[in-house]
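Here the structure is laid out as structure tokens; the discussion comes afterwards.
Please treat every number below as a calculation from the coordinates, not as lab data. Source: prediction; values computed, not measured. Quick reminder, even Gly has a Cβ in these numbers, built from the backbone with ideal geometry, and neighbours come from all protein chains shown.
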Amino acid sequence: MKRKIMFALLCAAVVMGGCGKKNNTDTDATPTPSETPTPTVTVEEGSEEVLQPEPITVVYKDVGEQTENSVELIMENRMSVDIQELYVRESSESNWGENLMRGDTVIETGDTARIYIEETEEGSSYDIRMICSENKIEILEEVNPSEIEESQVFLLEEEDLPYLVYVSAETGESVDTMEEVLERHGLGSSSSARDDEEDEPSSTSTPAPEPTRRPTATPTRTPDPDPTEEPDPEPTQTPDPEPTEEPDPEPTQTPDPGDDSGEDAPPPDDDAE
């Protein structure tokens, strides 16, 4: 009897233990969702994000052949025309030689060319002849590649003359050759600027005072009186004279011919009366 009771209690314990495990399993299967905290980003005051610029990659168009004796000239085409052929000679020579641009190479507007020039003597100056589009032929004169670090070629449209703006390899400063090119071709701005200064006085410069001269005394002369024009007298009409009535002449008595009343007649005798 005791064994039966013990067995019943053991079965009940097993059943109770199985039910509790199932409840625990169900609870773990549906976990309660929890909120994930949002991370906070703190930016220190005064700090700014610095963006690093991307490196600029320049694609060079090689012109000529690089040798042990060649000198390099970096030139960007800033003209309004494309360069289709390019010839180089020493400034003291007259022969241009052969075209240094091979194949279908064209230095378009905005392109940068790396030109290899065969240097016969260190520090020499060269002339560069460019056959361009629109049937233009442009010549750069007295270019010294050893003095140039990098350069840009421009076209002075009014005069149809090319000129360089380059960075000096010695000083690192920018050099503009436009004035030099104008002077070389007799179109310098110095003479024209001088003419402009003569035409238009400068607002900053004070004109030199003119020498003062003592005025010469002018002899004074009494001016002649202006002739006064007398008005023409108005014509006066003379009144017609009034007719005067003349008295009728008294009749004169003709003396009798016998009566001598001449001077020889003797005076009358008073005693005769």
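Descriptive notes on the structure:
- Given +1 at the Cβ of Lys and Arg, -1 at the Cβ of Asp and Glu and no other charges, the dipole of segment 60-193 around its Cα centre is 320 debye to the nearest 20.
- Likely footprinting exposure, V175, V181, fewest C-beta neighbours within 10 Å first: V175, V181
- With the biggest extent put first, the Cα atoms of segment 60-193 measure 46, 35, 29 Å across the principal axes.
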